[in-house]
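These notes are about the structure you will find just below.
Since every read-out is calculated from the coordinates, none of them should be taken as a lab result. The shown structure was predicted, so the numbers you read here are calculated from the model rather than taken from an experiment. Cβ placement follows ideal geometry from the backbone for every residue including glycine, while neighbour counts extend to all protein chains displayed.
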Amino acid sequence: MDTDDMNTGIDERSASAVRSSKDASTPPARQPRGTVTAARGGTVRRRDGSLTALAVLWSALCAGLGLWWVLAPEAYPLYEADAPMGLMESVPPGVAARTVLVLGLAGTGLATLLGRTDVHTPGRRALLLAGAGYAAVFGLLVPDVQLLAFLGYATALIGPIVVVVMLAVGARRHPRNLLLLALIGGAVALGVVTGEIGGPTLDMLREIRDGVRRVGVRPAVLVVMAAGGVLFAALTVAAARRGSSQHLTPEARARLDRWGRAATWVAAASPMPYALIRLTWLTPWPQGAPGGPDAIGPGVRVFGILLGLAALGGAALTLGLIYRWGEVFPAWLPALRGRPVPVWAAVVPASIVAVVLCASAVSLVLMSTRDGASWLAAAIPAPVWGPALALATYAYYRRRTDRGALR
């Protein structure tokens, strides 16, 4: 091979390498903006259509309940004259039943109109006000503190079991979990020896079971009413935003992050007074005991402490909305360690708690005005806690989804 052929081969290889380098450094062709916008618009339309359908179905269910209570007044479950808990206790059952029937019938039409509302719709402001009114009535005024009580009891009963199981499963990889399990076991053993855990605990569980039977379908009806408030709130927000940009500007995103961080700290601090009050039940000077300190039996004491620990756990989980463990599962969690936290896994439970707190706020304020119950408003600041947690959850959701982390 002569010198010219060698030079030619070298030149071709060099040119090929340059072309390959350019191809590798050239970014992939972006999808046309119109295509991306159309896809996003289709997703928004499907979401809005689902919201509208759910709101219409809920309104029909509400009308059906109202009709049932009109025809069978004894079936109306939201009136407790002996132990009033919320605003509905001051409304005569007949009036309440007819109001629910009328609002349910009107709600089907309102939901349909809100599903079609945009910036050009005549009477848009009136429709948005009506939707906000439905959200306020069914989400804030109809429900009461019984929702929060059931959520707290469920967390106190199920939470310890979940924690122990997770610690035990993760102990193989993280032996330090054994120390925590030993501390929990020691506390249980001490409770058994002192008589605080055992028969009295079983008696308390039986009382809770009997209480659930006594209240019947009332908590389920409260859940249905609160769900209607949430649906109309979401539908109204969707109608207000329809036709406007769904994206946050960098300035708006930074502002939301600041407010979200502040709201997270407020929401995390809100359960601390309640937790501290319940943990005083570990001392000879228990505070906030129904019936006074002398009324605290062993079973009641254990359950009160569990409620306090559940409040502390809720505060810790709330901080995950701004810290790393809210985005990546910690190492001590079996099977999940190091994996990204799905957005829904944080947003759904946080949203449920925020809704329950907001739905219980009016009831808690009313209850705190009674004799001997003034501590409730300070111990469970639901009017602050609920909105703060809702804002913190929304900021977390936007932060995760705006950077494509939705799973």
Under the rule rounded for a/c under 1.5, else prolate if a/b exceeds b/c, else oblate, using alpha carbon gyration tensor axes a ≥ b ≥ c, the stretch 244-363 is classed as prolate
With a ≥ b ≥ c the root eigenvalues of the C-alpha gyration tensor of the stretch 107-225, is it rounded (a/c under 1.5), prolate (a/b larger than b/c) or oblate? oblate
Quick one: net charge around Thr236, please, counting Lys, Arg +1 and Asp, Glu -1 for every other residue with C-beta under 12 Å from its C-beta. +3
If you place +1 on the Cβ of every Lys and Arg and -1 on the Cβ of every Asp and Glu, how big does the dipole about the Cα centre of the stretch 331-407 come out, in debye to the nearest 20? 520
Using 11 Å as the cut-off for backbone N distance, which residues of the stretch 108-150 belong to the label zone defined by a point 7 Å from the Cα of Arg46 along Cα→Cβ? none
Of Trp281, Gly199, Ala239, whose Cα points farthest to the positive end of the dipole of the stretch 185-297 (charges on the beta-carbon: +1 Lys, Arg; -1 Asp, Glu; origin at the Cα centre)? Ala239
Dipole size in debye (nearest 20) for the stretch 78-231 around its Cα centre, Lys and Arg Cβ +1, Asp and Glu Cβ -1? 620
